[in-house]
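Undergrad: This is the structure, below, for whatever I ask next.
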Amino acid sequence: MANYLVPKIGVAALLCSASFINTAFASDDLDALITRAKSAAPAAISDNATVIVKGKEVVKGNNGWTCLPDTFPDDGMPMCNDAVWMEMLDAMVNKKDFKADKIGISYMLQGDLGAGVSNSDPYHPNPKKADDYVETGPHLMIIVPKTMLEGLTDDPSTGGPYVMWKDTPYVHIMVPVADKK
């Protein structure tokens, strides 16, 4: 597989590592990034979540959730993840195995329009040219043990939940919650 995610998931890679970079942000820019990060989930979650911007913790949360202003560096597609999702992202970025033994939740209530991925290959070298390129409007992503995926389609065109990255350790369920904007 191509080394696609290493440059594209730099934020998650830095976040999931113990070393954080010291990046200076203009106050207005940082406030906008925090606001964007928190827009990924309902306020009941994001108001008390940790916020990571370019690998640096800029808001200390207390509820176990982590929000990022970008899914991939500078894509503007925010996400808020529980600990299981952060563990999976770390494994994916570092090309390590991951086996779900519990449920994990990620919110992307702003969707990922303009920054989609290959539905089958998280490391696709050019996902926008992939035969199975997919963008999803506002959605949840749910990690479950593989046995719980039986009977779910991997076809994103059905309009309902579908399986993404089915034949990888990073398999998860995509759950659209609103139409594409």
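Undergrad: In the set GLY111, GLY104, which member is at pLDDT below 95 and under 22 Å from VAL177 (Cα atoms)?
TA: GLY111
Undergrad: Then there's this: Select from segment 99-126 the residues that are in a loop (DSSP other than H, G, I, E, B) and touching a strand residue (DSSP E or B) at 6+ places or on another chain (Cβ under 7 Å) and write down the one among them that is most open to solvent (accessible area, probe 1.4 Å). Walk me through it before giving the result.
TA: Going residue by residue through segment 99-126, those that are in a loop (DSSP other than H, G, I, E, B) are 99-103, 109-116, 119-126.
Restricting the remaining residues to those that are touching a strand residue (DSSP E or B) at 6+ places or on another chain (Cβ under 7 Å) gives 100, 103, 111, 116, 119, 124.
On the way: ALA100: 19, ILE103: 96, GLY111: 0, GLY116: 5, ASN119: 11, HIS124: 45 Å².
Result: ILE103.
Undergrad: Would you be able to tell me the number of residues in segment 127-148 that are in a helix (DSSP H, G or I) and surrounded by fewer than 16 Cβ atoms within 10 Å (Cβ to Cβ)? Please lay out each step first, then the result.
TA: Taking segment 127-148 first, the residues in a helix (DSSP H, G or I) are 127-129, 146-148.
With surrounded by fewer than 16 Cβ atoms within 10 Å (Cβ to Cβ) added as a condition, the list becomes 128-129, 146-148.
Number satisfying all stated conditions: 5.
Undergrad: For segment 53-80: of the residues being farther than 12 Å from ARG36 by Cβ and within 13 Å of the chain's Cα centre (by Cα), which is surrounded by the fewest Cβ atoms within 10 Å (Cβ to Cβ)?
TA: Once the filter is applied, the top-ranked residue is PRO73.
Undergrad: Please tell me if SER157 is without any contact (Cβ under 8 Å) to a residue 40 or more places away in the chain and among the hydroxyl-bearing types (Ser, Thr, Tyr). Write out each step before concluding.
TA: Working: without any contact (Cβ under 8 Å) to a residue 40 or more places away in the chain: yes; among the hydroxyl-bearing types (Ser, Thr, Tyr): yes.
Considered against the rule, which asks whether it is without any contact (Cβ under 8 Å) to a residue 40 or more places away in the chain and among the hydroxyl-bearing types (Ser, Thr, Tyr), SER157 comes out as yes.
The values are calculated or read from the model by the stated rules, or taken from the named source; none is laboratory data. On a predicted model such as this, the values are computed, not experimentally measured, just so you know. Note that we place each Cβ from the backbone using ideal geometry, even for glycine, and neighbour counts take in every protein chain shown. Ligands, DNA and RNA are stripped out before the accessible areas are found, and what is left, the full protein with its side chains, is counted by its heavy atoms. Shrake-Rupley method; radii C 1.70, N 1.55, O 1.52, S 1.80 Å.
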